[in-house]
Amino acid sequence: QVQLVESGGGLVQAGGSLRLSCAASGSFVSISTLGWYRQAPGKQRELVATIAAGGNTNYADSVKGRFTISRDSAKNTVALQMNSLKPEDTAVYSCYAYVTRRNYWGQGTQVTVSS
C-alpha cells in the first residue's frame, strides 16, 4: 500500500505562482513514476506531469513552459512548481504514484486561480 499526502494548494491571482508538494509513505521499495493529475469541475481527470525514476519528465501541452515537476527519490517526495498560472488551471490537483504495477492517487489539493 502507498499513501500520498499533498500540500501547497490555495488561491492565487492569474500570473502568480504556487508550489505543490507530495510525500509518499507505505510498504514499498521504490516508486517507478510520480506525477500530478488534476480535475476541474465538470471535467475528466487529466494528466498534468509525470517524472520517472530516472528523471524523464512528461507534461501536458497546456502546462509546458509554465510548470516544472521534480522529485526526491531518497525522500519519496514529488513537487510541482506552477508559474504563470491561469484561471483555467483551477482544479483539484492530485499526486500520483505507480508502484509495483498499481496506480495510487492522493486525496487532492484545491488550486484556484482568480482572474
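Laid out as a table, the results:
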| quantity | calculated |
| --- | --- |
| Distance (nanometres) between label positions extended 7 Å along Cα→Cβ at ARG66 and VAL5 | 3.0 nm |
| Unit charges on C-beta of K, R, D, E only; dipole of the chain, Debye | 140 debye |
| Projected label distance in nm at ASN56 and SER115, using a 7 Å step from Cα toward the beta-carbon | 3.9 nm |
| FRET efficiency estimate (nearest 0.05) - Cβ-Cβ, SER84 to SER30, R0 35 angstrom | 0.60 |
| Taking the C-alpha atoms of segment 1-77, convex hull volume expressed per residue in Å³ | 116 Å³ |
| Heavy-atom surface of the chain, accessible at 1.4 Å and reported per residue (Å²) | 54 Å² |
| D (Stokes-Einstein, µm²/s), Kirkwood Cα radius, segment 67-115, 1.567 mPa s at 4 °C | 104 µm²/s |
| Per-residue ³J(HN,Hα) for segment 101-114, Karplus 6.51 cos²θ - 1.76 cosθ + 1.60, θ = phi - 60°, Hz, x for Gly and Pro | 6, 10, 9, 10, 10, x, 6, x, 9, 7, 10, 10, 10, 8 |
| Accessible surface of the chain [probe 1.4 Å, protein heavy atoms]: carbon and sulfur percent | 45 percent |
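The values are calculated or read from the model by the stated rules, or taken from the named source; none is laboratory data. What you see is a predicted model; the values in this text were computed from it and never measured. Methodologically, a virtual Cβ is constructed for each residue, glycine included, from the backbone with ideal geometry; neighbour enumeration extends over all protein chains shown. Side chains are part of the model used for accessible areas, which takes the heavy atoms of the whole protein and leaves out ligands, DNA and RNA. Shrake-Rupley method; radii C 1.70, N 1.55, O 1.52, S 1.80 Å.
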